[in-house]
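Reading through the structure tokens given below for one structure.
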Amino acid sequence: MSTSPPDPAEPQGAGAASRPPLPPPAAPGLPPLPASQPPLARQDGASEATVAGNGAPGHSSDKPHHDVGEPSWSAWQGLLGFATALLGTLLLGALVVGSVALATGISLRAQPPVLNILGVVVQDLVFVTAAVAFAAITVRPRAWHFGLRRTRLWSTIGWAALGISLYFGFNIAYEALVDPRAEQSVADALGVNDSAALLVVGGFVVIVLAPLAEEFFFRAFFYRAVRNSLVRRMGRWGGAVLAAVLTGLLFGAVHFEPDAVAIIPVLAGLGAMFCLVYERTGSLFSVIALHALINATAYLTVAKNSAPVALGFGGAMVAACIMVPRFLSRGPAPAAA
């Protein structure tokens with residue numbers, strides 16, 4: 001009696017149940033397909049399923065988690081970066097200004113406006129360089145790490161308008177209670193009332209350069225670094241508010257002048273407001289525009305015949321802060337409330 005050979009697909013014996021399935025046959029001329037393998041692991045230890053989702057294994061949502069991609073700078077980086085920027089400003093500023101004075105024969109005793117302008121430019125460049133250098137300790141810096149990204153235009157304008165309104169309310173209340181009679185002497189140091197050329201150069205330094213450099217360091221880098229450390233201990237909004245207050249106090253302190261101590265709280269409140277607007281919008285352009293507007297307004301009051309310069313530079317900064325982000329990517333979504 002003839003019997004048909006056993007079907008290879010049928011289990012043969014007790015051990016057949018544990019035998020792994022055979023790979024499917026390969027097409028002619030191609031190597032056999034490999035058996036199934038576990039998901040590939042990334043170098044940071046996250047599996048493909050984890051990377052595809054929000055950090056939870058097996059989650060495959062396309063919506064990014066609000067922390068994905070955000071720079072993980074820490075407070076020590078911000079503090080050390082600030083100390084380094086101060087020291088670098090003193091050393092490099094003295095070197096550059098002294099070299100120019102020696103080469104041109106200008107006396108340092110009178111400290112003419114051109115040397116003061118040069119010193120301010122050196123300071124701004126040093127602070128921006130320090131921010132980038134200390135940010136690079138953690139991860140290679142990208143533009144959106146510093147809030148240089150495209151965001152929703154009208155939402156950003158709305159938060160910026162709310163922030164500036166609250167600041168002006170605080171400023172009015174503070175002046176009514178304290179009546180501070182003090183003005184910063186930056187305009188006099190830059191010689192903006194001495195000549196038309198210095199009026200224009202001084203306007204560029206005050207309305208364009210200062211907002212760019214100060215917001216890049218204090219909001220985009222320092223606030224973010226301090227915020228990251230505090231949020232881990234206090235939660236998002238507790239950490240963000242405290243980081244905003246601390247950054248505002250430091251921002252006010254660096255503008256200290258012996259004859260203008262009374263306005264330090266106003267500047268500290270302004271710095272804290274900038275931080276909270278940046279927190280809500282995720283855009284550095286929003287606070288650069290606000291900073292430029294406030295400086296332009298102040299420039300109108302301290303520099304004679306400065307309306308064309310203040311309105312020209314101020315309007316150009318606001319327009320640039322609206323238009324430039326349209327050409328940038330959004331980057332990862334900023335933190336959600």
- [ ] Take the alpha carbon gyration tensor of the stretch 158-297, find the square roots of its eigenvalues, order them as a ≥ b ≥ c, and report rounded if a/c is under 1.5; if not, report prolate when a/b exceeds b/c, else oblate.
- [x] prolate
TODO: When a/c is below 1.5 the answer is rounded, else prolate if a/b is larger than b/c, else oblate, so apply that to the stretch 95-229 with a ≥ b ≥ c taken from the square roots of the Cα gyration tensor eigenvalues.
DONE: oblate
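Every number in this text was worked out from the coordinates using simple rules, so none of it is lab data. Quick caveat, the model's predicted, so the values are computed rather than measured.
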